[in-house]
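Here's the structure, in structure tokens; my notes come after.
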Amino acid sequence: MTVTETVQNPQAPARKRIAAAWGFILPAFAIYAAFVLLPMAISVYYSLLNWDGIGQASFAGLSNYWEVMTDSDLLQIIGNAFQLIIYFTAVPVVLGLLIASVIRNQMSGRFGTVTRTILFIPQVIPLVAAGIAWSWMYDFDGVVNQFLNLIGLESWTRGWLGDFDYALPAVGLIGTWVLLGLCLLLLVTGIAKIDPALYEAAKLDGATPWQEFRHVTLPSLRPEIGVCITVTIIQALSSFDVVYVSTGGGPGIETTVPGLEIYRLAFAHREVGLASALGVVLMILVLVCILPVQWLTREKS
Amino acid sequence: MNHWLRNPWIGRGLIVLLMAITLLPFLSMLSAALAPSGTYPVGLSWPSDPQWGNFARAFEVANMGQMMLSSLLIVAGVVPLAVIMACLAGFGLSKLVTGRRKWLYLVFVLGLTLPFESIITPLYYEVRALGLLNTRFAIILPLLGLYMPFSVYWMRAHFIGVPKDLSEAAQLDGADSWREFWKIQMPLARPSVMSLSILLFLWTWNQFLLPVVLVQDPTKRTVAGALGAFQGQWGTDVPLLCAGSLIILAPTVILFLIFQRQFVSALLQGAVKG
């Protein structure tokens, strides 16, 4: 990003230009303030209250935050979101890196276009549709079990989304399905920008594919990896749609994520204060996870 | 001397496998959608007597026509306004780059990582206080605000990249900022505006949380939100549910296939900048 000083123009005094700039910014700022900044502030305010959304509210101090950080159910729910990071972030990024470096020379021409198009479809459809498609895949009579039967693993078949041990990984893999294509294509684009001379040099030095990956591909892809991690962590921590339609958070609270719990606390259990406190905590958790990634992977300029 | 991993067929095989896994859920939905309504289909199997009529029935019982129209109205309310406001603010912010005033830009960027769920509770009470609950404005107005961080960030990045000489030349010709913006800057911003419009269209069309919380009537929701209601009502009729879901995801997929170059580049850039 280039930041240059504004030019001093004798005909338009600085103050006038600044006033004009404010005029340009005002509409966007007003709507942003009204529907994001104000609710953010109200969220913090609500989080200090005991309120059922209807009757008289009473001041609760930090007790809602205390509950978020000590209640075993809420802790498990926050933990679920972090477990989703494995499937939303770690798997797509690692697999994406490996696949991208194997296919790096084959994404040109018509084959490349077809590949890009198909791998992008999960990005275009509503997540709700992905959730519905996969609940059917995971159904007891669905494709996953059909496949297991086909390869002789009958004993592994189960209703995946209703299983206490496998529901969360199953939901997580829906995220993998949605995000792998995006990560892969981001990484392939990044690899295309690497100077081919580096690969030639590695080849002349007799590097194995692994060494090539380790010393040429990986270091050059730092910014793209940063982008993948950032985007997917945000999706994991703030997931809602997929869980809402595929499991509704069950069985028990095995797949409940903070987004779903906020919705439930605020609109079903009428615990507005606690819901808001969880919202504030979620907002902070996302920032705490994202900022180090940004800091570690940004390009040195 | 060639390592086996360099064999092009390994890469090609991997890609084909990946494409198959990507398409599998859609095929599985299609095969279920063609089973007789009310029955319980089994996995991936082409039905002996495909019931294409399920699509027509799903279209009818879910009031799809109304739902699509509603989504279009919401998109029409959100996308053009959001783009214009973002262009204005992006341009304004690109002029306010000196030291102290940068905080204003940072305030916008602050919203980039905000999970919508974090403010959905106060939004509900705010929209209720405005008397807009159960109207399309309950979705349109909050989305305009929620899209501002990304949109403003996006357009500012564009305007910052425009050579300064251009703006100086315009000012020497006596154009004020307003004229410069419309006559010189906006025509140049077309590609960025296009990409932003595509992204905002997709996000709006696929928006789920806001309609579920703020609008009860499925015919006033976005298509994605309505799909949630459809699932609640018809979730036990797998063929009908699958047919309905396929209809609902068809418009964006068709648009995507037509404009795939623009979509892919918008989504890739969108990820990089977001």
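Structure above, values below:
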read-out: Every residue from the range A:33-58 that is aromatic (Phe, Trp, Tyr), assigned to a helix (DSSP H, G or I) and in contact with a helix residue (DSSP H, G or I) (Cβ under 7 Å, 6 or more places away or on another chain); value: A:35, A:46
read-out: Extreme residue, surrounded by the most Cβ atoms within 10 Å (Cβ to Cβ), among residues of the range A:106-126 that are more than 7 Å from every other protein chain (Cβ to nearest Cβ) and not aromatic (Phe, Trp, Tyr); value: A:107
read-out: Output for the range B:1-44, where each listed residue is assigned to a helix (DSSP H, G or I), more than 7 Å from every other protein chain (Cβ to nearest Cβ) and touching a residue at least 60 places away in the same chain (Cβ under 8 Å); value: B:30, B:33
read-out: Test: residue in the range A:130-137 that is farther than 20 Å from residue A:91 by Cβ and more than 25 Å from the chain's Cα centre (by Cα); value: no
read-out: Yes/no for residue A:233 being in contact (Cβ under 8 Å) with a residue 12 or more places away in the chain, over 22 Å from residue A:91 (Cβ atoms), part of a helix (DSSP H, G or I) and in the same structural domain as residue A:290 (by TED's automatic domain parsing); value: no
read-out: Scope the range A:59-117; condition in a helix (DSSP H, G or I) and of a type in the set (Ser, Thr, Tyr); matching residues; value: A:63, A:65, A:70, A:72, A:87, A:89, A:101, A:113, A:115, A:117
read-out: Given (1) surrounded by fewer than 15 Cβ atoms within 10 Å (Cβ to Cβ); (2) within 13 Å of residue B:83 (Cβ to Cβ), index of the condition residue B:151 fails; value: (1)
read-out: Those residues of the range A:127-151 which are outside any helix (DSSP H, G or I) and within 7 Å of chain B (Cβ to nearest Cβ), in sequence order; value: A:141, A:142
read-out: Looking only at the range B:106-132, and only at residues there that are buried (at least 24 other Cβ atoms within 10 Å of the Cβ) and among the aliphatic types (A, V, I, L, M), the one that is farthest from the chain's Cα centre (by Cα); value: B:127
read-out: Enumeration of residues in the range A:241-254 that are within 8 Å of chain B (Cβ to nearest Cβ) and crowded, with 24+ Cβ neighbours inside 10 Å; value: A:241, A:245
read-out: Any helices (runs of 4 or more DSSP H) falling wholly within the range B:64-137 and containing at least 3 residues that are closer than 30 Å to residue A:68 by Cα and more than 8 Å from chain A (Cβ to nearest Cβ); value: B:102-110, B:117-129
read-out: Checking residue B:10 against (1) out of contact with any Asp or Glu (no Cβ under 7 Å at 6 or more places or on another chain); (2) modelled with pLDDT under 85; (3) assigned by TED's automatic domain parsing to the domain that holds residue B:168, the condition it does not meet; value: (3)
read-out: Options A:212, A:224; residue that is more than 26 Å from residue A:178 (Cβ to Cβ), touching a residue at least 12 places away in the same chain (Cβ under 8 Å), assigned to a helix (DSSP H, G or I) and within 10 Å of another protein chain (Cβ to nearest Cβ); value: A:212
read-out: Single residue of B:207, B:262, B:269 found to be at negative phi, touching a residue at least 40 places away in the same chain (Cβ under 8 Å) and not in a helix (DSSP H, G or I); value: B:207
read-out: Output for the range A:148-160, where each listed residue is modelled with pLDDT under 90 and either on the phi > 0 side of the Ramachandran plot or surrounded by 15 or more Cβ atoms within 10 Å (Cβ to Cβ) (or both); value: A:152, A:157, A:158, A:159
read-out: Single condition residue A:257 does not satisfy, out of (1) among the β-branched types (Val, Ile, Thr); (2) more than 8 Å from chain B (Cβ to nearest Cβ); (3) surrounded by fewer than 24 Cβ atoms within 10 Å (Cβ to Cβ); value: (3)
read-out: Close pairs (6 angstrom Cβ cut-off, 6 or more residues apart or separate chains): more than 8 Å from chain A (Cβ to nearest Cβ) and crowded, with 23+ Cβ neighbours inside 10 Å in the range B:216-229, outside any helix (DSSP H, G or I) and among the polar types (S, T, N, Q) anywhere; value: B:222/B:207
read-out: Hits in the range A:246-301 (condition: over 18 Å from the mean Cα position of the chain (by Cα) and among the β-branched types (Val, Ile, Thr)); value: A:247, A:253, A:272
read-out: Any hit, the range B:45-62, residues being surrounded by 14 or more Cβ atoms within 10 Å (Cβ to Cβ) and facing another protein chain (nearest Cβ under 9 Å); value: yes
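Let's see how each residue does on (1) within 11 Å of chain B (Cβ to nearest Cβ); (2) within 31 Å of the chain's Cα centre (by Cα); (3) exposed (fewer than 13 other Cβ atoms within 10 Å of the Cβ); (4) not acidic (Asp, Glu):
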residue: A:15; (1), (2), (3), (4): no, no, yes, yes
residue: A:22; (1), (2), (3), (4): yes, no, no, yes
residue: A:33; (1), (2), (3), (4): yes, yes, no, yes
residue: A:38; (1), (2), (3), (4): yes, yes, no, yes
residue: A:42; (1), (2), (3), (4): yes, yes, no, yes
residue: A:47; (1), (2), (3), (4): yes, yes, no, yes
residue: A:56; (1), (2), (3), (4): no, no, yes, yes
residue: A:61; (1), (2), (3), (4): no, no, yes, yes
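The values are calculated or read from the model by the stated rules, or taken from the named source; none is laboratory data. Just so we're clear, the structure is a prediction, and the values are computed from it rather than from any experiment. Ideal geometry is used to build each Cβ from the backbone, glycine not excepted, and the neighbour counts take in all protein chains shown.
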